[in-house]
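Where a number appears in this text, it was derived from the coordinates with a stated rule and is not lab data. These numbers were taken from a predicted model, which means no experiment stands behind them. Because the Cβ atoms are built from the backbone with ideal geometry, glycine has one as well, and the counts that use them run over all protein chains shown.
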Amino acid sequence: MTPALALLKKARVDHRVHSYEHDPKAASYGLEAAEKLGLEARQVFKTLLACTEKGELLVAVVPVTGTLDLKGLAQAAQVKKCEMADPTAAQRSTGYLVGGISPLGQKKRLRTFIDASAQGLATLHVSAGRRGLEVELTAAALAALTQATFADIGRG
């Protein structure tokens, strides 16, 4: 059981776990999850970490079909500038490996932002903390557990 799933169980949040055989050669972990689980790609979200000009790490949850709008994230976080975080720093801070970073159950609580498009979905899928493992839950539940803010941070 991953820290993400342990958190969901402890909080008694309604969720469903989906697993698939991860292909290490997959170009996109999120699109691979959508394909192998037979999901609409717009329902699958990836968890990315960005770093502000002051070195603060931020969590961004965006659809796998697009990219993170760093300017939109900076605006939402009320900082001057954001750039993608160093993968090693992301792994150290979250306790998860890149490609399996979950917004749930991270080692350190980081400010979290979820793309506003999630609010229009009945449920969404995010990493459950391991490549090949996804968790389905409502955007409201994800936001409540991560103390996230919804913002326009996705592109495409």
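Toward the positive end of the charge dipole of the chain, with +1 on the Cβ of Lys and Arg and -1 on the Cβ of Asp and Glu, the farthest Cα among Gly129, Val62, Pro24 is that of Gly129. Of the trypsin sites (Lys or Arg not before Pro) in the range 107-143, the ones in a loop by DSSP (not H, G, I, E or B) with at most 15 other beta carbons within 10 Å are Lys107, Lys108, Arg109. Other residues whose C-beta falls under 15 angstrom from the C-beta of Lys71 contribute a net charge of -2, scoring Lys and Arg +1 and Asp and Glu -1.
Between the range 4-37 and the range 100-123, the alpha-carbon centres lie 13 Å apart. One equal scatterer on each Cα of the range 93-142, no solvent, Debye formula: the resulting log10 I(q)/I(0) at q = 0.25, 0.33 Å⁻¹ is -1.01, -1.24.
At q = 0.21, 0.29 Å⁻¹, what log₁₀ I(q)/I(0) does the range 68-111 have when each alpha carbon counts as one equal point scatterer in the Debye sum? So the normalised log intensities are -0.78, -1.03.
Just so you know, the Cα atoms of the chain work out to an Rg and Dmax of 14.1, 40 Å.
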